[in-house]
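This report concerns only the one structure given below.
The values are calculated or read from the model by the stated rules, or taken from the named source; none is laboratory data. Keep in mind it's a predicted model, so treat the numbers as computed, not measured. All Cβ positions, even for glycine, are placed from backbone atoms using ideal geometry, and neighbour counts span all protein chains on display. These accessible areas exclude ligands, DNA and RNA; they are computed on the full protein's heavy atoms, side chains included. Shrake-Rupley method; radii C 1.70, N 1.55, O 1.52, S 1.80 Å.
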Amino acid sequence: MNEWVTREEKPPVESDLLLDEQPEDEAADFMPRYEHFRYVADRKQSLLRIDKFLIDRMMNVSRNRIQLAAEAHCILVNGKPVKSNYRIKPLDVVSIVMSHPRYETEILPEDIPLDIVYEDEDLLVVNKPAGLVVHPGHGNYTGTLVNALAWYLREDPQFDPADPAVGLVHRIDKDTSGLLVIAKRPETKTGLGLQFFHKTARRQYTAMVWGILKDDGGRIEGNIGRDPHDRLQMAVFPDGEQGKPAVTHYRTRQRLGYVTLVECRLETGRTHQIRVHMKHIGHPVFNDARYGGDRILKGQPFSKYRQFVQRCFEVCPRQALHAQTLGFVHPATGRELFFDSELPADMRLLIDNWNQYVLNNRES
């Protein structure tokens, strides 16, 4: 048995296999919710029942439908479900959410170049560049990896990009680069999904983080869930009462002045896991705007140093995180496959800059 399997778990159903690793522009809850309408009450808003408030603003909707939506917990005020008799207060933020997107979008094939590192009749492995969204969603309905796959596999009669039984087995964020495996056949996706669920797939990332890690390696454990104060961020809940269990193993590769190059191995795959866990231990990923890594967190209070760091931000204008290795057992052949990708040019140049900084400061 693989050493990463630590406890007995029920095999997932097909719909569970992708829910842990959602890109940052999608919800990560067990049942994703999509905002259909959003209203902000005026500063001078008088107390008013929410069903009346919504009837005045929504066309072609009855009070009965609004009341049913409230009973289904689909009406939120300031992020929390309310009943139909809730009275609106000034500056309340009202959202109507559903378990499906407001607009169903057709996945159109687009001729977008793919860096394919392996392919057979059952699956393919691609090296995704930073900046490419993996799946169409809010604000990104075209130009995604899925659109590129729809074009590349357009002559495969068994591959339908809109069919959730095939396609992406796991996901990485838009501004994270690295390896992804795509299933061409339903049985392949099920087999790969089970490996990810049971933690037998191997995934290793390379990241540059702020600060000097004292230990040569370690283990970060803490449940990850949606930040109650900012729905675009995830947070660690150490007490285990919220979120989902998450474990990251890290190893220090190189200490470079005020940053550290680390390898991170995922035991689980939660949304933003490495980014959240590294921030949790006080070492945000370099230039990670969502988790505070785009500010100068360590170093000297001199203008020359600030200019140097700003140049580093420009050299690597995204979080310095790369999904470098990927390993799994081929569901059809039983053969172990392992893939390794080079660091992209922006991260290599970033490392070179910090190496030069360390060298210059030693000489002075």
**Study point:** Hull volume in cubic angstrom per residue (convex hull over the Cα atoms of the chain)
**Key:** 175 Å³
Review point. What residue among Asp56, Asp92, Asp216 shows peak mean-square fluctuation when the chain is described by a Gaussian network model with Cα springs under 10 Å?
Key: Asp56
Practice item. Find the relative contact order for the range 210-281 and round it to a whole percent, using C-alpha pairs within less than 8 Å whose residues are 6+ positions apart. Key: 34 percent
Review point. Any idea what the dipole of the chain comes to, in debye rounded to 20, about its Cα centre with Lys/Arg Cβ at +1 and Asp/Glu Cβ at -1?
Key: 1920 debye
Study note, to complete from the structure: To the nearest Å², the heavy-atom accessible area per residue of the chain with 1.4 Å probe amounts to 52 Å²
**Study point:** Net charge over other residues, Cβ less than 11 angstrom from the Cβ of Lys128 (K, R count +1; D, E count -1)
**Key:** -1
Check your understanding: How much of the accessible area of the range 247-359, in percent, comes from carbon and sulfur atoms when a 1.4 Å probe is used?
Key -> 49 percent
Point to revise | Cβ-defined net charge surrounding Asn78, 12 Å radius [Lys, Arg +1; Asp, Glu -1] | key: +3
Exercise for review: Choose one answer from His229, His170, His283: the residue with the largest mean-square fluctuation in a GNM of the chain with alpha-carbon springs under 10 Å.
Suggested key: His229
